[in-house]
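What follows is a set of notes on a single structure, which appears directly below.
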Amino acid sequence: MTGDADQFDHDAARAALEWLVELGVDTAVGDAPVNAYELPDHLAQPKPAAPPADAPVLPLRVAEAGPDPVEEARRAAKSARTLEELREAIAAYDLCPLKKGAKNTVFSDGNPKARVMVIGEAPGRDEDIQGKPFVGRAGQLLDRMFAGIGLNRSAPDAAHALYITNVLPWRPPGNREPEAGEIAQMLPFLARHVELADPDLIVLMGNAACTAALNRRGIMRLRGHWTEAFGRPAMPMTHPAYLLRQPHAKREAWADLLAIRARLDALPG
């Protein structure tokens, strides 16, 4: 960024700041790096003066521990009796730091009565703005992929419908990959989401979904092999965002989709 900062009006300065926040910047720095351990004495924090020898000894105050985030998530998820109540419980949950930087809580999209439930990783920029999962380029590819086997998120009947959610309901800064702690924290909500939606089978899109549902990573080894997640048949697949970067992998993804179609046709319902 060049030029005098005084040349920015209020709107331009705010737009520049919001752009930096979108990129995940959370600390202001100067032109040169600063080693905080080598600050001059006049910039160092003053040491507290020693108390007088005859000062009374006061009892040590121990900071009260806050609520356990995972336990609070379990309690809130368990109390939800419907998908709408679960949506409200997640929106009211304030113990995940990701929520503070997100514009919207991204809960789900599609028909909740669908036989197939797709679990993605986390919202991206477009999803955060619109409040729905898989609405960007990866979402458009996902829609085309499942349309190839006769499934659509806008279909009114369960037999041809698709229901979509994510492991995390809030966008990580800079679209980074979800961290293990964040996944563990929101896992009770995801498990309850599957229980309430009650799909016939689950599609796990990407490593974060496999970490949450299977406690395993390595999507290239997992994809194409049926497993079980949340008590239901589950098919791990490469994420559509990966397919956009690696188009040659679409052949394997198509094979996975055909396996999903065959499994659906074989299941009662």
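Condition check ((1) among the aliphatic types (A, V, I, L, M); (2) under 17 Å from Leu168 (Cβ atoms)) across all residues:
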{"site": "Met186", "(1), (2)": "yes, yes"}
{"site": "Arg192", "(1), (2)": "no, yes"}
{"site": "Leu214", "(1), (2)": "yes, yes"}
{"site": "Thr227", "(1), (2)": "no, no"}
{"site": "Leu244", "(1), (2)": "yes, no"}
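Being in contact (Cβ under 8 Å) with a residue 24 or more places away in the chain and closer than 16 Å to Ala209 by Cβ is a property that Gly150 lacks. Out of Gly150, Gly174, one residue alone is on the phi > 0 side of the Ramachandran plot, touching a Gly at 6+ places or on another chain (Cβ under 6 Å) and surrounded by fewer than 16 Cβ atoms within 10 Å (Cβ to Cβ). It is Gly174. Across the range 214-269, the qualifying residues are those that are under 20 Å from the mean Cα position of the chain (by Cα) and of a type in the set (Gly, Ala, Ser), and the one among them that is farthest from Pro133 (Cα to Cα) is Gly218.
State all residues of the range 192-203 that are over 16 Å from Ile164 (Cβ atoms) and surrounded by fewer than 19 Cβ atoms within 10 Å (Cβ to Cβ); if no residue qualifies, say none. Once the filter is applied, which keeps residues that are over 16 Å from Ile164 (Cβ atoms) and surrounded by fewer than 19 Cβ atoms within 10 Å (Cβ to Cβ), the range 192-203 yields only Glu195.
Return yes or no: is Ala138 at pLDDT 95 or above, open to solvent by less than 40 Å² (accessible area, probe 1.4 Å), small (Gly, Ala, Ser) and in a loop (DSSP other than H, G, I, E, B)? Taking the combined requirement at face value, the residue does not satisfy it. Of all the numbered requirements in (1) out of contact with any Cys (no Cβ under 9 Å at 6 or more places or on another chain); (2) surrounded by fewer than 20 Cβ atoms within 10 Å (Cβ to Cβ); (3) in contact (Cβ under 8 Å) with a residue 24 or more places away in the chain, Asp126 misses one, and that requirement is (3). Total residues in the range 82-114 satisfying the condition of being touching a residue at least 12 places away in the same chain (Cβ under 8 Å), assigned to a loop (DSSP other than H, G, I, E, B) and open to solvent by 30 Å² or more (accessible area, probe 1.4 Å): the figure is 7.
For the range 177-213, enumerate the residues that are of a type in the set (A, V, I, L, M), within 26 Å of Ala159 (Cα to Cα) and assigned to a helix (DSSP H, G or I). It would help to see each step written out before you state the result.
The first filter runs over the range 177-213 and keeps only residues of a type in the set (A, V, I, L, M), leaving 180, 183-184, 186-187, 190-191, 194, 196-197, 201-205, 208-209, 212-213.
Still in the running and within 26 Å of Ala159 (Cα to Cα): 190-191, 194, 196-197, 201-205, 209, 213.
If the condition is that a residue be of a type in the set (A, V, I, L, M), within 26 Å of Ala159 (Cα to Cα) and assigned to a helix (DSSP H, G or I), then Leu190, Ala191, Val194, Leu196, Ala197, Ala209, Ala213 are the ones that fit.
The values are calculated or read from the model by the stated rules, or taken from the named source; none is laboratory data. The shown structure was predicted, so the numbers you read here are calculated from the model rather than taken from an experiment. Because the Cβ atoms are built from the backbone with ideal geometry, glycine has one as well, and the counts that use them run over all protein chains shown. Surface areas here come from the heavy atoms of the whole protein model, side chains and all, with no ligands, DNA or RNA. Shrake-Rupley method; radii C 1.70, N 1.55, O 1.52, S 1.80 Å.
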